[in-house]
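The values are calculated or read from the model by the stated rules, or taken from the named source; none is laboratory data. If you're wondering where the values come from, they're calculated on a predicted model, not measured in any experiment. Using ideal geometry, Cβ is built from the backbone for each residue, glycine included, and neighbour counts are taken over all protein chains shown. These area figures cover heavy atoms from the full protein model, side chains too; ligands, DNA and RNA do not enter into them. Shrake-Rupley method; radii C 1.70, N 1.55, O 1.52, S 1.80 Å.
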Amino acid sequence: MQRMWFVMLALVTSVAQAQVSEVDQNEVLRRGDAVEYIGGTKAEWLVALGPPADDKDKWFITVVSMQGCPGCQKLKRDWQSNEWLQSLANPNNPKDSWAHFNFYDKDDRSQNWRFKKIKIEAFPTILVQPPRSGRYGDPKTIVFQGIYRGDPKDLAKEIVAAIRKYVAKLKPRQSKGHEQAVGVDPPWDPAPKVEPEPVPTPAVDPLDVINIPPDVKPAPQPEEAPVLDGYPEAVVVTDAFDGLSPQVHDQIRSILAGLEHRRGKSLKIRFMDWEDARKRFPVRRDEVPVVLLTSNGRIEDKLSARLLPYVETEPQQVTLADIPWPAILTLVSTGFSVPAAVALGIFAVRLVRARREKLGKPLLVDEATFQQILAALQAFANTQVKQPK
Amino acid sequence: MMKQLVWLIVLLAPGVARADGLAVDLPEEIRRWYRNPDGSCVQCSIGMCGVDQNVPAAATILWDTDYGPRERGGSGPSRVADYCRERQIRVYNITGSTTWDWMKWATRNGRGAAIGAGSYHFQTLMGYDPASGTWSVCNNNSPDLIDEYDEAGFRRLHLASGQWIVVLDYPPHPAQPEYVRWW
């Protein structure tokens, strides 16, 4: 019994010693957070302590070779130097290589178990498989299996063609849960997109392109409309079938009288049926009767019969009643004020305008512009009204 | 009594997994080559990673070959750096709190890692499934098995040995190729 206990104690001690010597935990603690990179014969301490970028989406290119195989050696040399093959996989620079590259010996017992599910009859055999991430389907799938005929460019093209063909056959990946695919499809069926027809461009031979800038011709001046000097005209468009009611007739006559008064005796008045007028002027049937005021053959104003009740046909007369008596009282009692001065100014301008109209003299501005000026002056006067504090 | 003891061992023991589908998918026969005979767990783990990634200089580290003399016995980060430099093996020798990120990176990108696992011990990280939080580890004291740990269990395992791992800087291997009719 004692011997048994002694043997067990020796065993435990030896195991403990073995454990103590297997891993130097003290050094692990002394190093702390550190990443030491040993690259061949060099060692360096990496500043960035995190791992490199993921490469799980890289394709796999595998060469299965045989010892004593000249083609295998040539392929190995070509893959280390040829740009076509290195564009696919660079054994000298795995980090920047487009695909992971592995070179296996068929007689290597540590590796040949990998190929027991496939048939390899010639060497070197090149295999291409999708990434192990599953992004391009089952990573076990053989996308390309071929042999090397000595031309690296041909081999590279065959590999690329096979990958393209495989990728084209891949079914789109199903989204995980249709109800979770928010934002993928709109909640309605939008109208199909209509692509504009391409505008045919003339085929131009580059050699025919002349670099010398062509002479720039002056832009053609638009033809000016014939000037009818001093030809104001009022065209009354009526409908021969409808005729004019007595009230509309009187209103139109008043408009014409007012226009004649303002434009002077040089104003021509013409009556025209709609059938004729629509050929010369932009007049709709529902606008008739309408008075067109033209000058030098161009329409300046158009007055529809619907607006006749609202048209003031008589020229306004400026009388003593129009004198701004409140403004005068303000000036006398409190002194100068802008509103009062503006009111007197408006009166004076209206008086002068009325006298000129009466005498048949040409007005400086038309009635609409004149009214706008008066409104602006009045608005200015209102802004100058002092508010009680 | 014996039956109850067996059930207890089965319940308490970590899960056992198959190598298929793991980052390190070595068959049982190959894993047995790296059984730990004499306290060389660090080299056993590095060797297993070496054979997985087809790096002969690392795969033969336990034996005298053209790639160099055998490396036996216990190791620390410095010794690993020395013999990797001599044998021209490209490795990341990582200590400290970043080992977790490196382990996840390695398995995510099809690689294994030699990791501190258990008290004064090194094992081979075979794979990690982030969806289930399952870590797959091969202990060179029992290379026939692939042990599975949940997040908490694996954390205890790695911390017990000190945070130190070794990752080989070589491309991963492809999946075992099969003929799939895609054309």
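Candidates in segment A:44-59 are the residues that are more than 7 Å from chain B (Cβ to nearest Cβ), surrounded by 11 or more Cβ atoms within 10 Å (Cβ to Cβ) and within 30 Å of A:Arg164 (Cα to Cα); of these, the one that is nearest to the chain's Cα centre (by Cα) is A:Asp57. Of the residues that make up segment A:60-77, is at least one aromatic (Phe, Trp, Tyr), within 11 Å of chain B (Cβ to nearest Cβ) and closer than 24 Å to B:Asp82 by Cα? No, segment A:60-77 contains no residue that is aromatic (Phe, Trp, Tyr), within 11 Å of chain B (Cβ to nearest Cβ) and closer than 24 Å to B:Asp82 by Cα.
What is the one condition in (1) within 11 Å of chain B (Cβ to nearest Cβ); (2) open to solvent by less than 40 Å² (accessible area, probe 1.4 Å) that A:Lys165 does not satisfy? Failing condition for A:Lys165: (2). Of all residues being within 24 Å of A:Val63 (Cβ to Cβ) and assigned to a loop (DSSP other than H, G, I, E, B) in segment B:23-45, which is nearest to the other protein chains (Cβ to nearest Cβ)? Just the residue, please. Among residues in segment B:23-45 that are within 24 Å of A:Val63 (Cβ to Cβ) and assigned to a loop (DSSP other than H, G, I, E, B), the one nearest to the other protein chains (Cβ to nearest Cβ) is B:Pro27.
Of all residues in segment B:110-136, exactly one satisfies the criterion of being at the interface with chain A (Cβ under 10 Å from one of its Cβ atoms), crowded, with 23+ Cβ neighbours inside 10 Å and over 14 Å from B:Ser45 (Cβ atoms), namely B:Gly110. Only one entry of A:Ala89, A:Ala34 meets the criterion of being open to solvent by less than 20 Å² (accessible area, probe 1.4 Å) and facing another protein chain (nearest Cβ under 8 Å), and that entry is A:Ala34.
Per the listing B:Thr60, B:Thr98, B:Thr65, the residue uniquely of a type in the set (S, T, N, Q), surrounded by fewer than 22 Cβ atoms within 10 Å (Cβ to Cβ), within 8 Å of chain A (Cβ to nearest Cβ) and over 16 Å from B:Leu157 (Cβ atoms) is B:Thr98.
The set of residues from segment B:68-77 being within 17 Å of B:Ser45 (Cβ to Cβ) and open to solvent by 10 Å² or more (accessible area, probe 1.4 Å) comprises B:Arg70, B:Glu71, B:Arg72, B:Gly73, B:Gly74. If you filter segment B:140-161 down to residues that are in a loop (DSSP other than H, G, I, E, B) and surrounded by fewer than 23 Cβ atoms within 10 Å (Cβ to Cβ), you find that the one that is nearest to the other protein chains (Cβ to nearest Cβ) is B:Asn141.
Okay, residues lined up against (1) part of a loop (DSSP other than H, G, I, E, B); (2) at pLDDT 80 or above; (3) in contact with a Ser or Thr (Cβ under 6 Å, 6 or more places away or on another chain):
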{"position": "A:Asp286", "(1), (2), (3)": "no, no, no"}
{"position": "A:Leu292", "(1), (2), (3)": "no, yes, no"}
{"position": "A:Thr313", "(1), (2), (3)": "yes, no, yes"}
{"position": "A:Pro326", "(1), (2), (3)": "no, no, no"}
{"position": "A:Arg355", "(1), (2), (3)": "no, yes, no"}
{"position": "A:Lys361", "(1), (2), (3)": "yes, no, no"}
{"position": "A:Asn382", "(1), (2), (3)": "no, no, no"}
{"position": "A:Lys386", "(1), (2), (3)": "yes, no, no"}
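All told, A:Tyr136 falls short of being closer than 21 Å to B:Pro172 by Cβ and at pLDDT 95 or above. Run A:Ala162 past the list (1) in contact (Cβ under 8 Å) with a residue 12 or more places away in the chain; (2) part of a loop (DSSP other than H, G, I, E, B) and report the number of the one that doesn't hold. With respect to (1) in contact (Cβ under 8 Å) with a residue 12 or more places away in the chain; (2) part of a loop (DSSP other than H, G, I, E, B), A:Ala162 is out only on (2). Of the numbered criteria (1) modelled with pLDDT under 60; (2) assigned to a strand (DSSP E or B); (3) among the hydroxyl-bearing types (Ser, Thr, Tyr), the one A:Thr201 fails is (2).
Against the numbered list (1) open to solvent by 10 Å² or more (accessible area, probe 1.4 Å); (2) in contact with a helix residue (DSSP H, G or I) (Cβ under 7 Å, 6 or more places away or on another chain); (3) farther than 20 Å from A:Lys58 by Cα; (4) touching a residue at least 40 places away in the same chain (Cβ under 8 Å), B:Gln176 comes up short only at (3).
When B:Met48 is tested against (1) free of Cβ contacts under 8 Å to residues at least 60 places away in the same chain; (2) within 11 Å of another protein chain (Cβ to nearest Cβ); (3) of a type in the set (A, V, I, L, M), exactly one condition is not met: (1).
Scanning segment A:363-380 for residues that are in a helix (DSSP H, G or I) and under 17 Å from A:Leu267 (Cα atoms) yields a count of 1.
Note on segment A:316-354: residues that are within 18 Å of A:Glu260 (Cβ to Cβ) and open to solvent by 50 Å² or more (accessible area, probe 1.4 Å) total 2.
For segment A:95-140, the set of residues classified as surrounded by fewer than 16 Cβ atoms within 10 Å (Cβ to Cβ), within 25 Å of B:Arg32 (Cα to Cα) and facing another protein chain (nearest Cβ under 10 Å) consists of A:Arg109, A:Trp113, A:Lys116, A:Lys117, listed by residue number. For segment A:144-159, how many residues are part of a loop (DSSP other than H, G, I, E, B), touching a residue at least 24 places away in the same chain (Cβ under 8 Å) and surrounded by 13 or more Cβ atoms within 10 Å (Cβ to Cβ)? Residues flagged as part of a loop (DSSP other than H, G, I, E, B), touching a residue at least 24 places away in the same chain (Cβ under 8 Å) and surrounded by 13 or more Cβ atoms within 10 Å (Cβ to Cβ) within segment A:144-159 amount to 1. If the condition is being part of a helix (DSSP H, G or I) and farther than 21 Å from B:His173 by Cβ, then segment B:49-92 contributes B:Pro77, B:Ser78, B:Arg79, B:Val80, B:Ala81, B:Asp82, B:Tyr83, B:Arg85, B:Glu86.
Quick check on segment B:86-95: of everything there that is at negative phi and free of Cβ contacts under 8 Å to residues at least 40 places away in the same chain, which residue is most open to solvent (accessible area, probe 1.4 Å)? Among residues in segment B:86-95 that are at negative phi and free of Cβ contacts under 8 Å to residues at least 40 places away in the same chain, the one most open to solvent (accessible area, probe 1.4 Å) is B:Glu86.
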